[in-house]
Ligand code: AMP
């Protein structure tokens, strides 16, 4: 495979983060999570972090202008020259058009993870994260853990600020409002593949690798 430029589209809780890490490892490309970049900026209390924090806590979207600048800087780094997997960008058609301009003639494949809202609400309510290594856990579910401690770091897991019932509903609404035109953007470019995200993480991973190997040269 010469170049692997992937965009993961999916609602919060669809498993984008988990799959992005696996894709990055398997194909040797940087996995870039805009949500994690914004949360890190929040922890470091930078101007961007402070601005994004309120929007994120309310379940809204950070402006296209900010996100596009952030991604332009990130994709200009040498490690992204041979490909990337984006988790959480683009989220709007404006961001998708900006990404098209950034990559020029390099082709991009958008993988859409489809999961029903009821399942997303269940997963997000059960989601915990290790504050140190950022590993995700699903408390009390078949694929998860009964322990509220990170199995690697041994410290207590925490819940993301925006994984509370009210914000979850707002984030799902923001996703559904934006996703139709975004999916259409990639469909028109014949750069779209859909994956059923309701299955186990391993089954989703297998579907994703098939799509990548079929579609990415
Ligand atoms: P995520 O970790 O992908 O669920 O993102 C968490 C939050 O970060 C979102 O609810 C948004 O507030 C913000 N965010 C992340 N990526 C973007 C983006 N591409 N455009 C706008 N807001 C974003």
Which shape class applies to the chain: rounded if a/c is under 1.5, otherwise prolate when a/b exceeds b/c and oblate if not, where a ≥ b ≥ c are the square roots of the Cα gyration tensor eigenvalues? rounded
May I ask you to compute the full-extension gain from residue 139 to residue 160, defined as 0.36 nm times their residue separation minus their alpha-carbon distance, rounded to one decimal in nm? 6.2 nm
Neighbour-count order for 195, 112, 85, fewest beta carbons within 10 angstrom listed first: 112, 195, 85
Using a ≥ b ≥ c from the Cα gyration tensor of segment 21-127 (square roots of the eigenvalues), is it rounded, prolate or oblate, where a/c under 1.5 gives rounded and otherwise the larger of a/b and b/c decides, a/b for prolate? oblate
Multiplying the sequence separation of residue 107 and residue 76 by 0.36 nm and subtracting their Cα-Cα distance, what value in nm do you get? 9.5 nm
Ordered by fewest other Cβ atoms within 10 Å, a rough proxy for footprinting exposure, 89, 84 read 89, 84
Which length gain, in nm to one decimal place, applies between residue 173 and residue 190 when the Cα-Cα distance is subtracted from 0.36 nm times their residue separation? 3.5 nm
Using Cβ contacts closer than 10 Å as the measure, can you line up 46, 18 from fewest to most? 46, 18
What one gets for segment 1-53 as the Kirkwood radius, inverse of mean 1/r over different Cα pairs in Å, is 12.5
Please tell me the relative contact order of the chain in percent, rounded to the nearest whole number, where contacts are Cα pairs under 8 Å and at least six residues apart. 30
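Every number here is computed from the coordinates shown, using simple stated rules; none is lab data. As the structure is a computational prediction, the values presented were derived from the model and not from experiment. Note: ideal-geometry Cβ built from the backbone for every residue, glycine included; neighbour counts use all protein chains shown.
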